[in-house]
Amino acid sequence: MALINIPRLDLLQYTQGSAEEQRQFVQDIGKAFNETGFVTIANHGLSQELIDELYAVVNAFFELPEAVKQKYEFPELAGQRGYTSKGKEKAKDAHTPDLKEFWQRGQTIVGEDYSKTDFPDNIIVEELPRFNEVTGEVYKKLEDAGRALLKAIASYLDLEEDYFEKFVINGNSILRAIHYFPIENPDTIPADAVRAGAHEDINLITLLIGASADGLEVWTKDGAWFPIKAKGEDIVVNVGDMLQRLTNNKLKSTTHRVVNPPRELMKTSRYSVPFFLHPKASMSLTCLESCISDAYPKAYQDYTAGQYLDERLREIGLKM
């Protein structure tokens, strides 16, 4: 099996550590994001009790009758708020939709004027009050952890530590609760149907709370799939395409997928809750001058985050 650098880092080393510990954290996360685009993070601010309740309320939501879930589906929101039913999202360039359904919660803007077109209201599940409360609390805690990680990334890139702050405070981040539903008869699904096809994330960074079952794999430089197994209390953090574009490929948005379980486990569910940390739509993704050189010429056209998100939502089938 290919060797791959996915270190386990302690966020407290950066947020509360000595100057030397902070420098070490910056170099460790930068090296991993340069090589594979993935790390696992301990002491991220979510208690095990909160994580356990999150999975309980997520499970309760997806067990609701189909008719109840579908009343919370609003196609005009392109999957950015509320419920998205089975068969809707696919990986870019894939022909078959992923074997999943999901729920998305977005930003609650504080202290700024905003457009409901850009930031629709979050959808409230009437049947499950704790679902709304717990997902809101988890959103805020993961956003806080993500902001701390972006400060370390900014330091690694020799930017001001707060470089990303003005873009991600009240940014377009998304908390997604995913249900990879049971396959009662594996012989009835298309041969190329998988829980999540090979893809890269759209955003700056993704923070993933450890899933309820194995299946996440990353594509290595050696051309092999490598399974990611975080400890239960850790989160997995990876680089998204927006950060890769901004850094002119210095930080890697690594291809990953969620494979189907062995046939004997196909009738079981898998739950996963990623937090996609997005900036405001107006943020420029123009490659940083410090990441451009004769050896690494500028690789991307100038885009804003909003333009790039719109393009990608159309490619994956959520926006027409």
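Table for the structure above
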quantity	calculated
Whole-angstrom gap from the range 64-111 to the range 266-320, using each part's C-alpha centre	19 Å
The chain - percent of accessible surface contributed by carbon and sulfur, probe 1.4 Å	51 percent
Estimated vicinal HN-Hα couplings, Hz - the range 64-78 in sequence order (Karplus 6.51, -1.76, 1.60; Gly, Pro = x)	4, x, 3, 5, 6, 4, 5, 6, 9, 9, 10, x, 5, 8, 6
Listed residues TYR139, TYR55 arranged by accessible area, highest first, probe 1.4 Å	TYR55, TYR139
Structure-based [θ]222 nm, the chain - -39500 (n - 2.57) summed over DSSP H runs of at least 4, per residue, nearest 500	-8500 deg cm²/dmol
GNM result for the chain, Cα springs below 10 Å: residue of PRO97, PRO297, PRO182 fluctuating most strongly	PRO297
Under the Debye formula (equal points on every Cα, no solvent term), log10 I(q)/I(0) of the range 8-316 at q = 0.15 Å⁻¹	-1.31
Cα extents of the range 191-311 along the three principal axes, largest first (Å)	51, 32, 32
Convex hull volume per residue in cubic angstrom - Cα atoms of the range 1-130	215 Å³
Å² of accessible area per residue within the range 8-316, as computed with a 1.4 Å probe and no ligands counted	45 Å²
Solvent-accessible ranking of ARG23, ARG195, ARG130, largest area first, probe 1.4 Å	ARG23, ARG130, ARG195
Cα gyration tensor shape of the range 193-237, rounded if a/c is under 1.5, else prolate or oblate by comparing a/b with b/c	rounded
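The values are calculated or read from the model by the stated rules, or taken from the named source; none is laboratory data. Here the structure is a predicted model, which means the values were calculated and not measured. For the accessible areas, the whole protein counts, side chains as well, though only heavy atoms, and no ligand, DNA or RNA atoms are used. Shrake-Rupley method; radii C 1.70, N 1.55, O 1.52, S 1.80 Å.
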